[in-house]
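Below: one structure, written as C-alpha cells.
Each value in this text was obtained by applying a stated rule to the coordinates, not by laboratory testing. Here the structure is a predicted model, which is why all the values come from computation and not from measurement. Backbone-built Cβ (ideal geometry, glycine too); neighbour counts: all protein chains shown.
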Amino acid sequence: MITTSQTPGVLDTLDPELMDRVVTRRGAVSGISNTAAALAIASVPIGLGLFARQAFAQGTLPQSIIDVLNFALTLEYLEAEFYTLGVPEVVPPADCAIMLQIMKHEVAHVALLKSVLGSAAIAKPTFDFTAKGMFPDVFKNYQTFLVLAQGFEDTGVRAYKGQAGALISNNAILTTALQIHSVEGRHAAIVRTLRNLKGWITRDVNDVPALNAVYAGEENTVQAGVNTAVFANVDAASEAFDEPLTKAAVLAIAAPFIVT
Amino acid sequence: MQWAGVSFAVVLTACGESTTAPIAPTTPSGDLSLGTGDNGVLNYAYALEQLEAAYYTQVVATPYTGISALELTLLTDIKLHEVVHRDFLKAALGAAAIGALEVDFTSVDFTSRASVLGTAKVFEDLGVAAYNGAGQLFTDANLLLIAGKIVSVEARHAAIIRNLLNPKSADFAGDDVVNPTTGLDRAFTPAMVLTAADPFVKTEIDFSTLPTN
C-alpha cells in the first residue's frame, strides 16, 4: 500500500517566508501570490513527476475517470485560487498557520491532479469569488472569507465522496482520491472551528442561507437501510456520516463562482 | 495479536500406523477471524470502531483532570459518533459480524489530558489511514460509499483532536500525516493498521482472509 513520504518539499521551506510576508506585508498581494504560485509550480516536477508516472499509466485512463479527475481539478483550482488570493489579504496573523497549511494542500492537489491528467487536464477556469456581487467583501472581510472557505471545504468533502464509486475500477486513483478526500475533511473541520462551529455537520443545520445547498441532505440518518438514530440520537447519527453530493449538485454550488 | 496457529492432528493410516499431518489453520478459541470479501472489510472497520467507541466511552466516563466544558462536549460527540459507527456496522453485518473485541487501555492515563488526547490523535489518524487504505478492498460501490461517509468524519475528529492539542497551528492536518508535497493523507493496509492498534487490543485478530486489492 501507500505510505506518505515525509521528504521535505519546496513548499515546506516556503512557509516561514510566506508567513512572514503575510504578517508584515499584508496588502502586497500580487507579489506573495505570484511567489507562492511560482514556487509551488516549480516544486511539482521534483515532487510528483516520478510518483505520478509510476502510479498511473498516464494517457491510458478511460474517459469516465478523466472526467471525474477534471471535475475534481475544477474544485481544486477554485480552492487553490481562493486561498492564494485571499490568505495574504484578509487572514489575521493568529490564523495564518492554519490557512497557509490549507492553501499549501490545495495548491498541491491542483499540481497532483494535473500531473495525473497530463495533457487531458482542463485549463484553470476564471473565477469570481464575489459570486457576481453576492459576496462583495470576500477578500476584505474575514468572516465572509471564512463562510466561503467553509462552503468550499464541506462541498469538497461531499464532492469527492460522490465520485468514489466511479473510481472503483482503478485502485491507485481511488486511493489517491480518498487521500485527498480526508484532507478536505480535516480542512472543513478546522475552518468550522474558526467560525465557532463544531467540526462536524449536525443534520442540515447551517447559519448562512447562502450555503443551504452545501448542507442539503446531510440530515440523513438511514445508512444501508439501517436507521442509525436508534444507536444514539438523530443529531449524532447525522453527524457520524457525511453525505455525498452528485456532480450536478456540486457544479450548481460552484457555478456562481465560475466566470468561464 | 498473533497469527492463528497451524495445528497438527494425529491421523491413523490404513495399516494402523499413526502419523502426524497438518490440518487447516484454525482460529483458536477467543480469536476473531475477520472473514472474506466485502464482509471481511466491514468486519475490519467494525473492529476499529469497537476500539474507538470503547476508548471514548471510557474517556467520557472518567474525564481527565481539568477538562473544559467544550472539550467534554466535543469528546462526548465523538464518542456518540463512534458508537453509531460501531452499532451500524454490527447491524449491517448481521450474522457475519465478528464478536466483541477485548480492549487494553492500560497504557493510557485517563486522568491526563495529554495522554487521553494523544491517544485519541493516534486512533483518529489511524482510522483515517485505515479507511483510506480499505476503500480499494471493496467490490460493492455502495459499501465503498458508506466507508467514505465514515472516513471524512474520522478526519474531522482527527483535525479537532489535533487542534485541541496544538491550537491554531498547522497540526490539524500536519505534515506528519498529510504529505506536504502531494497534499495526500495516509493510506494503510490492514496489516499496518492492526499492528499499530495491537497495543490496545487483547483479542487476537486474524486478518489473513481479507482481500488484498
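Please state which of the following conditions B:T139 fails to meet, knowing it meets all the rest: (1) more than 7 Å from every other protein chain (Cβ to nearest Cβ); (2) under 30 Å from B:L70 (Cβ atoms); (3) of a type in the set (S, T, N, Q); (4) in contact (Cβ under 8 Å) with a residue 24 or more places away in the chain.
Going through the list (1) more than 7 Å from every other protein chain (Cβ to nearest Cβ); (2) under 30 Å from B:L70 (Cβ atoms); (3) of a type in the set (S, T, N, Q); (4) in contact (Cβ under 8 Å) with a residue 24 or more places away in the chain, B:T139 breaks only (2).
Of these, B:A91, B:A100, B:A173, which one is of a type in the set (G, A, S), closer than 26 Å to B:S33 by Cβ and either within 7 Å of chain A (Cβ to nearest Cβ) or crowded, with 24+ Cβ neighbours inside 10 Å (or both)?
Answer to the check: B:A91.
Within region B:180-213, which residues are free of Cβ contacts under 8 Å to residues at least 12 places away in the same chain and either surrounded by fewer than 22 Cβ atoms within 10 Å (Cβ to Cβ) or out of contact with any helix residue (DSSP H, G or I) (no Cβ under 8 Å at 6 or more places or on another chain) (or both)?
Correct list: B:T195 only.
Which of (1) out of contact with any Phe, Trp or Tyr (no Cβ under 6 Å at 6 or more places or on another chain); (2) closer than 15 Å to A:Q150 by Cα; (3) more than 7 Å from chain B (Cβ to nearest Cβ) is the odd one out, the single condition A:G185 does not satisfy?
(3) is the only condition that A:G185 fails.
Restricting to region B:166-213, what's the tally of residues that are among the aliphatic types (A, V, I, L, M) and not in a loop (DSSP other than H, G, I, E, B)?
Number of matching residues: 10.
Going by the conditions given, is B:A130 buried (at least 21 other Cβ atoms within 10 Å of the Cβ), more than 7 Å from every other protein chain (Cβ to nearest Cβ), farther than 16 Å from A:K104 by Cα and touching a helix residue (DSSP H, G or I) at 6+ places or on another chain (Cβ under 6 Å)?
Against the criterion (buried (at least 21 other Cβ atoms within 10 Å of the Cβ), more than 7 Å from every other protein chain (Cβ to nearest Cβ), farther than 16 Å from A:K104 by Cα and touching a helix residue (DSSP H, G or I) at 6+ places or on another chain (Cβ under 6 Å)), B:A130 qualifies.
Taking the condition of being surrounded by fewer than 24 Cβ atoms within 10 Å (Cβ to Cβ) and farther than 21 Å from B:L194 by Cβ, how many residues in region B:103-127 meet it?
8
Could you pull out every one of the helices (runs of 4 or more DSSP H) wholly within region A:141-260 that has 2 or more residues that are charged (D, E, K, R)?
A:142-163, A:171-194, A:234-239
So B:G118 ticks every box in (1) part of a helix (DSSP H, G or I); (2) touching a residue at least 24 places away in the same chain (Cβ under 8 Å); (3) touching a Ser or Thr at 6+ places or on another chain (Cβ under 7 Å) but one. Which box is left unticked?
(3)
In the list A:V250, A:V234, A:V214, which residue meets the criterion of being in contact with a helix residue (DSSP H, G or I) (Cβ under 8 Å, 6 or more places away or on another chain), under 23 Å from B:H157 (Cα atoms) and more than 10 Å from chain B (Cβ to nearest Cβ)?
A:V214
Among the residues of region A:191-198, are any surrounded by 22 or more Cβ atoms within 10 Å (Cβ to Cβ), closer than 17 Å to A:I253 by Cβ, of a type outside the set (D, E, K, R) and touching a residue at least 60 places away in the same chain (Cβ under 8 Å)?
Within region A:191-198 (the criterion being surrounded by 22 or more Cβ atoms within 10 Å (Cβ to Cβ), closer than 17 Å to A:I253 by Cβ, of a type outside the set (D, E, K, R) and touching a residue at least 60 places away in the same chain (Cβ under 8 Å)), the answer is yes, since at least one residue qualifies.
Out of curiosity, is B:T139 under 25 Å from B:D185 (Cβ atoms) and assigned to a loop (DSSP other than H, G, I, E, B)?
Yes.
Answer yes or no as to whether B:K168 is within 9 Å of another protein chain (Cβ to nearest Cβ) and at positive phi.
The answer is yes for B:K168.
Applying the selection to region A:106-125, what residues are within 12 Å of chain B (Cβ to nearest Cβ) and over 18 Å from A:I173 (Cα atoms)?
A:V107
So, in region A:87-100, of the ones that are surrounded by fewer than 24 Cβ atoms within 10 Å (Cβ to Cβ) and not β-branched (V, I, T), which residue ends up farthest from the other protein chains (Cβ to nearest Cβ)?
A:E89
Take A:T202 and decide whether it is at the interface with chain B (Cβ under 7 Å from one of its Cβ atoms) and of a type outside the set (A, V, I, L, M).
Considered against the rule, which asks whether it is at the interface with chain B (Cβ under 7 Å from one of its Cβ atoms) and of a type outside the set (A, V, I, L, M), A:T202 comes out as no.
Of all residues in region B:143-163, count the ones that are at the interface with chain A (Cβ under 7 Å from one of its Cβ atoms) and closer than 16 Å to A:Q163 by Cα.
Looking only at that region, the number is 8.
Please specify each residue of region B:38-74 satisfying the condition of being among the aliphatic types (A, V, I, L, M), more than 16 Å from B:L194 (Cα to Cα) and touching a residue at least 12 places away in the same chain (Cβ under 8 Å).
B:A53, B:A54, B:V59, B:V60, B:I67, B:L72, B:L74
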